[in-house]
Amino acid sequence: MILRFVLRRCALAVPSLIGLLVLTFVLIRVVPSDPAAAMAGDAATPEQIAQLRHEYGLDRPVWEQFFVYAGKAVRLDFGESAFSHRPVALDIAQRLPATLELTFAAMAISIFLGVPLGVFAALRHNQWPDFALRMVSVLGVAVAAFWVAIMLQLLFAMELGWLPLRGELSVSVPPPVRLSGFLLVDSLLTGRFDAFGDGLAHLVLPAVTLALGGMASIVRFTRAGVLDTLQQDFVTYERAMGYRRMRLIWRYVLRNSVTATITQIGLLFGGLIAGGVVVEAIYDWPGIGSYTVNAILTGDHQVMLAVTLLIGVVYAVVNILTDLVHGLVDPRLMDRS
Amino acid sequence: MIPVLSVQGLKVSFRTDAGMASVLDDVGLTLERGQVLGVVGESGCGKSTLIRAIMGILPGAARVNAGQIVFEGENLLVFTERELNQQIRGSRIGFIPQDPLLSLNPVFKVGSQLLEIMRDHAPPGTSRADHIQRLVSLLRRLQVPGPDNALERYPHQFSGGQRQRLLIAAALACSPGLVIADEPTTALDVTTQHEILLLLRELVDELDISLLFVTHDLGVVAALCDTVCVIYAGQTVESGPVEAVLRAPSHPYTQALLACHPERSVSFTGIGGTVPSPLRMPTGCRFAPRCGYTEPICAVALPIATRRKSGADVRCVHSG
């Protein structure tokens, strides 16, 4: 049953991915700058540009270009970065783990703080903890990440000196042998606890910065969900039958309350990867975000394309996972499909 | 012999924006062991509040101002929340809720929910395997289809009548002395209603439990109950043996209720007027504004209940 459910969702994701391919293709076509000219540089002669155009197939019919493009995209062949002169896919594969590590850390912080705080706010509905949390979560959504990042850097790195200012690892610490590409995982696997500790210290500020906005929305959605569930007949019934309060809230009420929170977490995950761009740039985090900023600033089309597609695929995968988690939390959904 | 449940002079009020609303004002009832007591009244007369007060699950805005609730010789009003959870709810008092479709937690297996109750309330020394065995045999007795794997299924995989049987099994799981049923058949269709009522009556006789049955349907009272307690606007107006009260009702409200019953009434007249708001109760008899026999004294003096020849206790100045 679960397998059928997942396969169905995967099949449903295919059209949106095709749509994404078409859209990105059209986008490169309508961008005013000529990719061939950009690659050739300012000093290039018209002949050199034409040569490049031919080399990249930019002089072929549009539909043919699309199929070449789509075929390559499916094989993860995004060509070379115009600036690093390495295959884009390789660059991305190297930098993706750092971004994922940051994203997962931010996710974990926002879920493990956001959900309990949301429940707490709901249980103290219209009392001061509820008001305080509501205010904080409005701030969390409203305050810009770059401002928070700079404030945290000023306080914890510059003023107090508790945490490193930027980067993924101190220069004095040699990086662990690369196995999975995830710094913390690799340092654990290779027994490099010094690198693990140092990496973790570097992770704190960017992860907290990235987590704040998500945590605020998780608090709000969880609070609303729990408040709604507490009104349900089955909660009265469970109280009447002597369910222990802690188990009633954290098991029986919570599981009914997290539908909207799960949707929100799914959206956040995609948003964090995209939104991490700013945070990565400020903290000099060696992930996809800083790579993308660089690509945008230098007009590196291949990289922009590949990153756009990557984020699209991440959204699609996260959507499937979100649906699956929904189905696992609420068996009625699984039966209906 | 002491009664299983005795409620005396119970007063409950709710804090509202418009002031204190007195929802229960001098409610009393007595339930003898092995009997079925019907609590009857219109919507809004305080039936649900009465049940919640007995189980100690009144909402935060409610206060018990006076009275006592004595269950098997112990005054429940002095119990703490923790004591009620450990010693009373789910174990010695079982509860059958009004709407079987909304009262089971939709995202947990039936087994998780029923076993959660037994986990905390079954006799000490019994294992989870014992609990499962007990539940399966109860489900078989209650004619739930597929009793052996019913615990592995989710509530939405059962019909309304089947879910009510599951809830009855939950109420009986820890062999309670008292079962409180809150209009357990109103959400069901008529044939299912009838089956559930028959089943409840059988179970009362078979398992030696006492049943407090809340309803607005006097037909159900006649079919199921031994004694009846009629509540109007938060007060007990007439109580006694079912034959006495239904055959020769003394209080004008009971008479009016009986006259409204579809099987008895000639036309659908109903009772004129509405139940008074708990914020603005009449000073005298609360039924006076809607009563056909009102005398000047009814508007000023609240009558006290007196025993009538029929054997019923009636709160009315007219001697019946």
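The values are calculated or read from the model by the stated rules, or taken from the named source; none is laboratory data. Just so you know, these numbers come straight off a predicted model, no measurement behind them. Quick reminder, even Gly has a Cβ in these numbers, built from the backbone with ideal geometry, and neighbours come from all protein chains shown.
Scan the stretch A:189-198 and tell me whether some residue there is within 14 Å of chain B (Cβ to nearest Cβ) and basic (Lys, Arg). Within the stretch A:189-198 (the criterion being within 14 Å of chain B (Cβ to nearest Cβ) and basic (Lys, Arg)), the answer is no, since none of the residues qualifies.
Applying the criterion of being in contact with a Leu (Cβ under 9 Å, 6 or more places away or on another chain) and either among the aliphatic types (A, V, I, L, M) or away from chain A (no Cβ under 12 Å) (or both) to the residues of the stretch B:146-161, the residue that is surrounded by the most Cβ atoms within 10 Å (Cβ to Cβ) is B:Ala150.
Looking only at residues in the stretch B:1-45 that are β-branched (Val, Ile, Thr) and assigned to a loop (DSSP other than H, G, I, E, B), the one that is surrounded by the fewest Cβ atoms within 10 Å (Cβ to Cβ) is B:Ile2. Given the criteria more than 30 Å from B:Arg82 (Cβ to Cβ), within 14 Å of chain B (Cβ to nearest Cβ) and not polar (S, T, N, Q), does A:Val253 qualify? Against the criterion (more than 30 Å from B:Arg82 (Cβ to Cβ), within 14 Å of chain B (Cβ to nearest Cβ) and not polar (S, T, N, Q)), A:Val253 does not qualify.
The set of residues in the stretch B:55-64 that are over 30 Å from B:His156 (Cα atoms) and within 14 Å of another protein chain (Cβ to nearest Cβ) comprises B:Gly60, B:Ala61, B:Ala62.
Looking at B:Tyr293, is it of a type in the set (Phe, Trp, Tyr), surrounded by fewer than 21 Cβ atoms within 10 Å (Cβ to Cβ) and in contact (Cβ under 8 Å) with a residue 24 or more places away in the chain? Yes, satisfied. Apart from one condition, A:Pro206 fits all of (1) out of contact with any Lys or Arg (no Cβ under 9 Å at 6 or more places or on another chain); (2) closer than 19 Å to A:Thr99 by Cα; (3) crowded, with 20+ Cβ neighbours inside 10 Å; the exception is (1).
Residue selection: B:Glu83 satisfies the criterion of being free of Cβ contacts under 8 Å to residues at least 12 places away in the same chain, in the same structural domain as B:Ile196 (by TED's automatic domain parsing) and of a type in the set (Asp, Glu). Taking the conditions (1) modelled with pLDDT under 95; (2) more than 23 Å from A:Arg332 (Cα to Cα); (3) within 12 Å of chain A (Cβ to nearest Cβ) in turn, B:Thr186 satisfies each one other than (3). Restricting attention to the stretch B:22-55, the residues being under 20 Å from A:Thr236 (Cβ atoms), small (Gly, Ala, Ser) and either free of Cβ contacts under 8 Å to residues at least 24 places away in the same chain or touching a Phe, Trp or Tyr at 6+ places or on another chain (Cβ under 7 Å) (or both) number 1. Looking only at the stretch A:35-73, residues that are among the acidic types (Asp, Glu) and either assigned to a helix (DSSP H, G or I) or under 18 Å from A:Val22 (Cα atoms) (or both) come to 3 in all. Selection over the stretch A:21-34 of residues that are modelled with pLDDT of 80 or more and either in a loop (DSSP other than H, G, I, E, B) or in contact with a strand residue (DSSP E or B) (Cβ under 6 Å, 6 or more places away or on another chain) (or both) gives a count of 0. B:Gly67 fulfils the conditions (1) small (Gly, Ala, Ser); (2) buried (at least 17 other Cβ atoms within 10 Å of the Cβ); (3) in a loop (DSSP other than H, G, I, E, B) except for a single criterion, (3). Annotation note: Cβ proximity below 9 Å between a residue of the stretch A:103-115 that is farther than 11 Å from A:Ile218 by Cα and in contact (Cβ under 8 Å) with a residue 24 or more places away in the chain and a residue that is polar (S, T, N, Q) and surrounded by 21 or more Cβ atoms within 10 Å (Cβ to Cβ) (sequence gap 6+ or interchain) occurs for A:Ala106/A:Thr209. The set of residues from the stretch B:73-95 being charged (D, E, K, R) and within 17 Å of the chain's Cα centre (by Cα) comprises B:Arg89, B:Arg92. Against the criterion of being more than 9 Å from chain A (Cβ to nearest Cβ), surrounded by 14 or more Cβ atoms within 10 Å (Cβ to Cβ) and touching a Phe, Trp or Tyr at 6+ places or on another chain (Cβ under 9 Å), B:Leu135 does not qualify.
Considering the stretch A:248-289, and only residues there that are among the small types (Gly, Ala, Ser) and buried (at least 22 other Cβ atoms within 10 Å of the Cβ), the residue that is nearest to A:Glu101 (Cα to Cα) turns out to be A:Gly287.
Residues in the stretch A:80-104 that are touching a strand residue (DSSP E or B) at 6+ places or on another chain (Cβ under 7 Å) and farther than 25 Å from A:Tyr283 by Cβ: A:Glu80, A:Pro87. Do the conditions hold for A:Gly199, that is, is it among the small types (Gly, Ala, Ser) and either part of a helix (DSSP H, G or I) or closer than 26 Å to A:Leu267 by Cα (or both)? Taking the combined requirement at face value, the residue satisfies it.
Can you say whether B:Leu212 is at pLDDT 95 or above and crowded, with 24+ Cβ neighbours inside 10 Å, as far as the supplied structure shows? When the stated conditions are applied, B:Leu212 passes them. Per this entry, B:Pro123 is counted among residues that are surrounded by fewer than 16 Cβ atoms within 10 Å (Cβ to Cβ) and either within 22 Å of B:Gln35 (Cβ to Cβ) or at pLDDT below 90 (or both).
Every condition in (1) within 13 Å of chain A (Cβ to nearest Cβ); (2) within 14 Å of the chain's Cα centre (by Cα); (3) not in a helix (DSSP H, G or I) holds for B:Ser48 except the one numbered (3).
Of the residues A:Phe78, A:Phe83, the single one that is crowded, with 19+ Cβ neighbours inside 10 Å and part of a loop (DSSP other than H, G, I, E, B) is A:Phe78.
Quick grid of which residues meet (1) touching a helix residue (DSSP H, G or I) at 6+ places or on another chain (Cβ under 7 Å); (2) closer than 26 Å to A:Val143 by Cβ:
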site	(1), (2)
A:Ile265	yes, yes
A:Leu268	yes, yes
A:Glu280	yes, yes
A:Thr298	no, no
A:Leu324	yes, no
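Tell me whether the stretch B:301-315 contains one or more residues that are modelled with pLDDT of 85 or more, closer than 30 Å to B:Ile209 by Cβ and in a helix (DSSP H, G or I). No - not one qualifying residue is present in the stretch B:301-315.
In the stretch A:310-334, the residues that are under 30 Å from A:Val74 (Cβ atoms) reach residues that are small (Gly, Ala, Ser) and not in a helix (DSSP H, G or I) with C-beta atoms within less than 8 angstrom, at least six apart or across chains, in these pairs: A:Gly327/A:Ser337. Which residue is nearest to the other protein chains (Cβ to nearest Cβ), if the candidates are limited to the stretch B:65-118 and must be among the small types (Gly, Ala, Ser) and more than 19 Å from B:Leu212 (Cβ to Cβ)? By that ranking, first place goes to B:Ser112. Select from the stretch B:94-109 the residues that are in contact with a Phe, Trp or Tyr (Cβ under 7 Å, 6 or more places away or on another chain) and of a type in the set (A, V, I, L, M) and write down the one among them that is surrounded by the most Cβ atoms within 10 Å (Cβ to Cβ). Filtering first and then ranking leaves B:Leu104. The number of residues in the stretch A:158-177 that are in contact (Cβ under 8 Å) with a residue 40 or more places away in the chain and over 25 Å from the mean Cα position of the chain (by Cα) comes to 0.
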